[in-house]
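These notes concern the structure reproduced below.
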Amino acid sequence: MKDKNLKIFYESEAAIASFKMTRNMMFPLDLSIYLSKCFKAEIFNMMNLCHLQYKHLNFGSLMLMEKNKMVFGIPKLEHTSKMCEVCIVCFACFQEMIL
């Protein structure tokens, strides 16, 4: 902060934003000036969608919940051989910790 101006920078030292301090020592941020962006994600496999919705619950447990009708509204699921990228990374980190 310099001369009652607050500047926020990226790690690469590029400026993100600059704010002027008000009389009550606040730094107002007007978010209406930034354009919003809309991203679209498509998941073609219902099993992967349920896996993400249930916080990366394993596929065996998802199929057990569907088979025993333990969760209302869960669709009919078929096992997939494709693995979740997040789970692969987490599993690799876990393996490094226990070795």
So, of the residues in the stretch 18-67 that are within 24 Å of the chain's Cα centre (by Cα), modelled with pLDDT of 75 or more and among the small types (Gly, Ala, Ser), which turns out to be surrounded by the fewest Cβ atoms within 10 Å (Cβ to Cβ)? 60
Flagged in the stretch 46-77 as farther than 24 Å from residue 90 by Cβ and charged (D, E, K, R), in numbering order, are 67, 69, 76
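The values are calculated or read from the model by the stated rules, or taken from the named source; none is laboratory data. Bear in mind that the values here come from a model prediction, so they are computed numbers and not experimental data. Using ideal geometry, Cβ is built from the backbone for each residue, glycine included, and neighbour counts are taken over all protein chains shown.
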